[in-house]
Amino acid sequence: MPIVWGYILGPLCGMQRILIQRLRRYPREEGSRHKQVAIQYAGLMQALMFGSEGGIDGSNLPYSYVSLPLQNADAIAERIRMEIKRILGKNVAVMIVDTDSTFSFRGFHFTYRPNPIKGIYSSKTFLAYVLGRMFKMKRRATPIALKGCRLQVEEALRIAEFANKVRGSGAGKTVWDMVESYNVGLTDVTWEMLEKSRHKPIVIVRKKRSNIA
């Protein structure tokens, strides 16, 4: 990991210098445990990513906890939609978005993240990330579920990216950002620290006169 991403793929992908330096200092013990989880839940080809392997995410979580990828995002989105209708009497569309990038080349959209919405091709390997970054393709957050309406893929991607920017990154975009913001060790972030961070995991988007508002 430190050699391949820190010295070869990181520079090829045009990563920021600070991220490359962090990858070169990738912690062996904690990193090994994390990669074991990634292999178990996302598979080897996803585990070769430098982070967010198959939707596994450690940011905005304490200690060495990670969130695992949703097993059935469509069913979860539909359940949320129906609960909103039952409680509030409102018909809404629900989109679940992952910050992992979808790259676009003309009319073709692809991602390394497994199980995006229909119309986005998933390679299920880190190679899609490398290709998209090397050729500086347009990248946006990835919608992984959409219930309650039909959208063209391009519009779904625009909404996903808009919501992603509005939502912000909470305690930090990455685990490294998070621990630096609290000035603690890699596994020393606590629930109490995170409770003080402003985090908006839900964004309400309304379409008005063909513009996102």
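Of everything listed in (1) out of contact with any Gly (no Cβ under 8 Å at 6 or more places or on another chain); (2) among the hydrophobic types (A, V, I, L, M, F, W, C); (3) farther than 20 Å from THR125 by Cβ; (4) not assigned by TED's automatic domain parsing to the domain that holds GLY168, the single unmet condition for MET82 is (4).
Scan the stretch 155-165 and give yes if some residue there is surrounded by 13 or more Cβ atoms within 10 Å (Cβ to Cβ), touching a helix residue (DSSP H, G or I) at 6+ places or on another chain (Cβ under 7 Å), in contact (Cβ under 8 Å) with a residue 12 or more places away in the chain and not small (Gly, Ala, Ser), otherwise no. Among the residues of the stretch 155-165, not one is surrounded by 13 or more Cβ atoms within 10 Å (Cβ to Cβ), touching a helix residue (DSSP H, G or I) at 6+ places or on another chain (Cβ under 7 Å), in contact (Cβ under 8 Å) with a residue 12 or more places away in the chain and not small (Gly, Ala, Ser), which makes the answer no. All of GLU180, GLU161, GLU155 fail the test of being under 15 Å from the mean Cα position of the chain (by Cα) and at pLDDT 90 or above, apart from GLU161.
Kindly establish whether TYR129 is in contact with a Cys (Cβ under 9 Å, 6 or more places away or on another chain) and either charged (D, E, K, R) or at pLDDT 95 or above (or both). So TYR129 passes the test. For the stretch 108-117, the set of residues classified as touching a residue at least 24 places away in the same chain (Cβ under 8 Å) and in contact with a helix residue (DSSP H, G or I) (Cβ under 8 Å, 6 or more places away or on another chain) consists of HIS109, THR111, TYR112, ARG113, PRO114, ASN115, ILE117, listed by residue number.
The single residue among GLN16, GLN40 that is over 21 Å from LEU68 (Cα atoms) and among the polar types (S, T, N, Q) turns out to be GLN16.
Per-residue answers, yes or no, for (1) assigned to a helix (DSSP H, G or I); (2) more than 26 Å from ASP177 (Cα to Cα); (3) free of Cβ contacts under 8 Å to residues at least 24 places away in the same chain:
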{"position": "TRP5", "(1), (2), (3)": "yes, no, no"}
{"position": "GLN36", "(1), (2), (3)": "yes, no, yes"}
{"position": "ASN60", "(1), (2), (3)": "no, no, no"}
{"position": "ALA77", "(1), (2), (3)": "yes, yes, no"}
{"position": "ARG86", "(1), (2), (3)": "yes, yes, yes"}
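Of the residues examined, MET45 is one that is more than 23 Å from ALA171 (Cβ to Cβ) and either among the hydrophobic types (A, V, I, L, M, F, W, C) or not in a helix (DSSP H, G or I) (or both).
Scan the stretch 7-30 for residues that are part of a helix (DSSP H, G or I) and surrounded by 16 or more Cβ atoms within 10 Å (Cβ to Cβ) and the total you get is 6.
Identify, please: which residue in the stretch 21-65 is under 23 Å from PRO114 (Cα atoms) and among the charged types (D, E, K, R) and is, among those, farthest from the chain's Cα centre (by Cα)? Looking at the filtered set, the residue picked out is ARG33. Selection of first residues in the stretch 171-193 that are basic (Lys, Arg) and of second residues that are buried (at least 16 other Cβ atoms within 10 Å of the Cβ) and not in a loop (DSSP other than H, G, I, E, B), restricted to Cβ pairs under 9 Å at least 6 apart or on distinct chains, gives the following pairs, ordered by first then second residue: LYS173/THR99.
The values are calculated or read from the model by the stated rules, or taken from the named source; none is laboratory data. Remember, predicted model here, so these are calculated numbers, not experimental data. Don't worry about glycine lacking a Cβ; one is built from the backbone with ideal geometry, like all the others, and counts go over all protein chains shown.
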